[in-house]
Amino acid sequence: MRLSKIDINGSVRVDASEVLKKSGIEINFPLLLINTAKVRKQIKQIPLIEDVHVDRNFPNKISINIFERTPKFAVFNLDKYFLIDEEGYIIEIIDKVPDKMFLIIKYIGKLEDVRVGKRLEFVSMYDSAFWKTISEFGVNEKEKIRDFIVDNKGISVILNSGVLVFLGKDDKFLDKLRLLPYIKRAAMKEKINTSKIDINYIETPYIITNSQVFE
């Protein structure tokens with residue numbers, strides 16, 4: 001039983017010829033001797049591919065099912081929008097605001113080596129919990145956000161009301177975001193004209209007005 005057919009499915013941004021070349025598979029090779037785990041590992045080296053399934057279909061075929069990375073966010077930096085997935089891999093670079101409603105993250109600073117398939121360098125500042133949190137926050141709370149900002153000090157959110165919320169750099173983002181509605185309600189109850197909310201230290205958040213600080 002020798003290989004006579006290779007099916008590649010799910011390849012949209014990645015060219016099928018690149019997948020085939022990376023797989024190392026050759027027609028007429030004995031089907032039983034093809035190491036599907038090795039083929040999968042080689043294909044996954046293509047940056048825009050998140051996962052891949054490689055299956056033998058007797059008597060003579062290999063099926064390769066590609067699962068490409070999909071954009072989850074848009075990072076705005078120096079007049080460009082970088083569409084990235086949750087791991088920070090650049091999937092597309094565009095010059096205008098994305099048509100699709102992505103959560104837009106404004107990155108303050110210079111991004112190095114920005115190309116499709118590369119991972120944005122600032123992503124390494126945060127672990128996977130950060131991106132998961134941002135994904136959840138973007139889905140559930142997006143309509144309340146005007147800007148989402150990342151710089152060397154950490155993460156900040158500007159609400160539609162104009163209030164700046166500083167979240168810091170640690171891994172308690174989801175807890176901080178859950179705390180935010182309670183802080184806002186407390187400020188409204190006390191009739192505090194809020195200009196900034198600092199939740200860098202979740203144990204001691206404080207509210208800043210134009211002239212006072214409230215803990």
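The values are calculated or read from the model by the stated rules, or taken from the named source; none is laboratory data. Quick caveat: nothing in here was measured; it's all calculated off a predicted structure. Using ideal geometry, Cβ is built from the backbone for each residue, glycine included, and neighbour counts are taken over all protein chains shown.
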(request) Being modelled with pLDDT of 95 or more and in a strand (DSSP E or B) narrows it down to one of ILE93, ILE104, ILE64, so name that one. (result) ILE64
(message) Testing LYS41 on (1) in contact (Cβ under 8 Å) with a residue 24 or more places away in the chain; (2) not assigned by TED's automatic domain parsing to the domain that holds ASP147, one condition comes back false. Which one is that?
(response) (1)
(message) Exactly one of these conditions fails for THR194: (1) at pLDDT 80 or above; (2) in a loop (DSSP other than H, G, I, E, B); (3) crowded, with 18+ Cβ neighbours inside 10 Å. Give me its number.
(response) (1)
(request) Check LEU83, LEU120, LEU103 and return the single one that is surrounded by fewer than 18 Cβ atoms within 10 Å (Cβ to Cβ), in contact (Cβ under 8 Å) with a residue 12 or more places away in the chain and either of a type in the set (A, V, I, L, M, F, W, C) or over 21 Å from GLU50 (Cα atoms) (or both). (result) LEU103
(message) For region 9-29, give me the residue count where each residue is part of a loop (DSSP other than H, G, I, E, B), touching a strand residue (DSSP E or B) at 6+ places or on another chain (Cβ under 7 Å) and within 15 Å of GLU68 (Cα to Cα).
(response) 5
(request) Return a yes/no flag: does region 60-76 have any residue that is over 19 Å from SER11 (Cβ atoms), of a type in the set (Gly, Ala, Ser) and in contact with a Phe, Trp or Tyr (Cβ under 6 Å, 6 or more places away or on another chain). (result) yes
